[in-house]
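Visitor: Encoded as structure tokens, here's the structure I'll be asking about.
The values are calculated or read from the model by the stated rules, or taken from the named source; none is laboratory data. The structure presented is a predicted model; accordingly, all values stated were derived computationally and were not measured. When we count neighbours, we look across all protein chains shown, and the Cβ atoms used for this are built from the backbone with ideal geometry, even at glycine. Note: areas computed on protein heavy atoms with side chains; ligands, DNA, RNA excluded. Shrake-Rupley method; radii C 1.70, N 1.55, O 1.52, S 1.80 Å.
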Protein chains: 2
Amino acid sequence: MPLKSPRTTVKRLPKRGRYDAETVHAILDSAFICHVGFVAHGQPFVIPTGFGRDGDTLYIHGSAVSRTLKSLAEGIPMCLTVTILDGLVLARSGFHSSMNYRSVVVLGNAKPVAPEKKEHALVVISENILKGRWDEIRRPTRKELNGTTVLELPIEEASAKIRTGGPIDDEEDYAMPIWAGVVPLELKAGKPIPDERLPESIPVPSYVKRRR
Amino acid sequence: MPLKSPRTTVKRLPKRGRYDAETVHAILDSAFICHVGFVAHGQPFVIPTGFGRDGDTLYIHGSAVSRTLKSLAEGIPMCLTVTILDGLVLARSGFHSSMNYRSVVVLGNAKPVAPEKKEHALVVISENILKGRWDEIRRPTRKELNGTTVLELPIEEASAKIRTGGPIDDEEDYAMPIWAGVVPLELKAGKPIPDERLPESIPVPSYVKRRR
């Protein structure tokens, strides 16, 4: 499945660009927040939101009265970008300093998921955010489902961009007495904070502990 | 300085919206990556990049041949969004589950910084990414400065959106035997990895250790 198009071709540093579904999917599956871009009255907006992937489809959701969701539901052109920061790359010059990252850009047009697929899509999003949680929580009511808009975006036109490894300095800069290397970065989960009204008899679930 | 406009007014959950410069600046200063949105040939694009703030001005930079930077330098409408994830909010239902976050959306038009301000802007970006680094690294050459585009975006039309605290469940759901609370999230720095060609005599700098 080639996801490359003229619009998704990485022009700067083309060696960092990847267009195979396996790479794109793997990056998407390593994140649970994306930034969605769309245009309203000629002005671009970029809004963060959770997401989930099922095969070649991305799901996002929000309140049925959300401006963002309403705009996107009309099928206007959108961009969904996922960025995972892996580290600061400290070179001996600012010019060659960089970051290690994995990112994906998906272009396309979203549409509302069919009512009978809505709960499935919500499961996909929930499980992508915290695997194991859905089985434990209360099911959505009819009213909640009606108050939630879920959109699907096909992964048909996309690109991944990846940088890994240490700094690459100008040859003459290696002799400078400057520390150089990578500072790894990772979004880490801390100690869970129980809700004030949670009975002490209810332990932290294993899927929450695993998230650490 | 009121940063609120009809376009930046938070409509969904308006209590989460903030428009004072102090709040907007504090969130911007807690991040070093933003997502920039712009439109090319009717298609929105969302691209991650580093940034820095100096007073009421945001700086971003990139290669002089970058499509993104070239487009933005023309002064087309753009959106710069910063998102800091603070935690997963696990409610007893999916509907009330959420995330804790601090985000800022800045709308406006960028322009290239004057040549004599370019190095200052690069210092601002570098120091925002890793405070203390700039003083140690090699200064940019004339050729490097010419090969780098730096843009400034005024913080004139913006909004912040913040969610904090635990889940807020439907009253009847509190009796369910489901763990609920917050899983804190934080982008953490790991153990620095020295460059392969770094002499062992050069120690990890204090500003890198502090970043942990």
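Visitor: Considering chain A as a Gaussian network with a 10 Å cut-off on Cα pairs, which listed residue, A:Glu116, A:Glu74, A:Glu152, attains the greatest mean-square fluctuation?
Guide: Sorting by GNM fluctuation, first place goes to A:Glu116.
Visitor: Which value, in square angstrom to the nearest 100, describes the accessible area buried between chains B and A on both sides, using a 1.4 angstrom probe? It would help to have the intermediate numbers written out before the result.
Guide: Values: alone 13490 and 13490 Å², together 19880 Å².
In total, this chain pair buries about 7100 Å².
Visitor: Tilt of helix B:118-129 relative to the longest C-alpha principal axis of chain B, in degrees (0 to 90, nearest 10)?
Guide: In chain B, helix B:118-129 runs at an angle near 40 degrees to the longest axis.
Visitor: Gaussian network model of chain B, Cα springs within a sub-10 Å range: biggest mean-square fluctuation belongs to which of B:Glu200, B:Glu157, B:Glu127?
Guide: Greatest mean-square fluctuation among the candidates belongs to B:Glu200.
Visitor: Related question: Which value, in Å², gives the accessible area per residue of the protein assembly as shown when a 1.4 Å probe is used on the protein heavy atoms? Before the final figure, lay out each step's value.
Guide: On the way: 19880 Å² over 424 residues.
Accessible surface, normalised per residue, equals 47 Å².
Visitor: With θ set to phi - 60°, apply the Karplus curve 6.51 cos²θ - 1.76 cosθ + 1.60 along region A:34-45 and write out the HN-Hα couplings as whole Hz, x wherever there is a Gly or Pro.
Guide: Karplus-based 3J(HN,Hα) across region A:34-45 equals 10, 10, 9, x, 8, 10, 10, 6, x, 9, x, 10 Hz.
Visitor: Would you mind checking which residues have amide H under 5 Å from B:Met99's amide H? H placed 1.01 Å from N; only 5 or more apart, or other chain.
Guide: HN-HN under 5 Å from B:Met99: B:Val89.
Visitor: Here is a further query. For region A:1-99, which trypsin sites (Lys or Arg not before Pro) pass both filters: DSSP loop (anything but H, G, I, E, B) and at most 12 other C-beta atoms within 10 Å? Show your work: numbers first, answer last.
Guide: Working: sites: A:Lys4, A:Arg7, A:Lys11, A:Arg12, A:Lys15, A:Arg16, A:Arg18, A:Arg53, A:Arg67, A:Lys70, A:Arg92; in loops: A:Lys4, A:Lys11, A:Arg12, A:Arg92.
Qualifying residues, ordered by number: A:Lys11.
Visitor: What 222 nm value per residue comes from the helices of chain A, counting each DSSP H run with n ≥ 4 as -39,500 (n - 2.57) and dividing by all residues, nearest 500 deg cm²/dmol? Don't jump to the answer; show the numbers that get you there.
Guide: On the way: 5 runs with 39 residues, N = 212.
Value at 222 nm, helices only: -5000 deg cm²/dmol.
Visitor: Going by the alpha-carbon gyration tensor, a ≥ b ≥ c the square roots of its eigenvalues, is region A:112-212 rounded (a/c under 1.5) or, if a/c is not under 1.5, prolate (a/b greater than b/c) versus oblate?
Guide: Details: a/c = 4.51, a/b = 1.66, b/c = 2.71.
Oblate shape, in that a/c is at least 1.5 and b/c is the bigger or equal ratio.
Visitor: Determine how large the accessible area of A:Tyr174 is when every protein chain is in place; take a 1.4 Å probe and give Å² rounded to the nearest 10.
Guide: My reading of the accessible area for A:Tyr174 is about 40 Å².
Visitor: Here is a further query. Across 10 Å bins from the origin, how do the percents of Cα pairs in region A:1-88 run, short distances first?
Guide: Per 10 Å bin, starting at 0, the Cα pair percentages come out as 13, 43, 35, 8, 0.
Visitor: On alpha-carbon atoms, Rg over Rh for the protein assembly as shown using Kirkwood Rh?
Guide: Rounded to two decimals, Rg/Rh equals 0.97.
Visitor: Let me ask something additional. Only Cα pairs within less than 10 Å get springs; with that Gaussian network setup on chain B, which residue of B:Pro199, B:Pro112, B:Pro48 has the largest fluctuation?
Guide: With Cα springs under 10 Å in chain B, the top fluctuation among B:Pro199, B:Pro112, B:Pro48 is at B:Pro199.
Visitor: Here's something else I'd like to know. Which one of B:Trp179, B:His25, B:Leu58 has its Cα pushed farthest toward the positive end of the charge dipole of region B:6-211, where Lys and Arg give +1 and Asp and Glu give -1 at the Cβ?
Guide: Working it through, the farthest residue towards the positive pole turns out to be B:Leu58.
Visitor: Within 10 Å of each Cβ of B:28-35, how many other protein chain Cβ atoms are there on average?
Guide: Values: counts 0, 0, 0, 0, 3, 5, 2, 11.
Neighbouring Cβ atoms belonging to other protein chains average 3 per residue here.
Visitor: What's the lysine pair count for region B:6-211 at a Cα cut-off below 24 Å, pairs eight or more apart or interchain?
Guide: Eligible lysine pairs with Cα atoms under 24 Å apart amount to 17.
Visitor: Select from region A:175-194 all residues whose loss of accessible area on going from the chain by itself to the full protein assembly reaches 50 Å² or more (probe 1.4 Å).
Guide: Listed by number, the residues meeting the 50 Å² cut-off are A:Ile178, A:Trp179, A:Val183, A:Pro184, A:Leu185, A:Leu187, A:Lys188, A:Ile193.
Visitor: For the protein assembly as shown, what % of the accessible area comes from carbon and sulfur atoms, probe 1.4 Å?
Guide: Numbers: 10750 of 19880 Å².
Result for the protein assembly as shown: 54 percent of the exposed heavy-atom area is carbon or sulfur.
Visitor: Same structure, new question: Could you let me know the centre-to-centre spacing of region A:109-137 and region B:161-212, using Cα atoms, in angstrom?
Guide: Computed from Cα coordinates, the inter-centre distance equals 26 Å.
Visitor: With each pseudo-label sitting 7 Å past Cα toward Cβ, what's the B:Glu196-A:Ser201 distance in nm, one decimal?
Guide: 6.0
Visitor: For chain A, report the convex hull volume of the alpha-carbon atoms normalised per residue, in Å³, without decimals. Let's see the in-between values first.
Guide: Numbers: hull volume 37.1 nm³, N = 212.
Per residue, the Cα convex hull of chain A comes to 175 Å³.
Visitor: For A:Asp54, what accessible surface area do you get with a 1.4 Å probe? Give it in Å², rounded to 10.
Guide: 70
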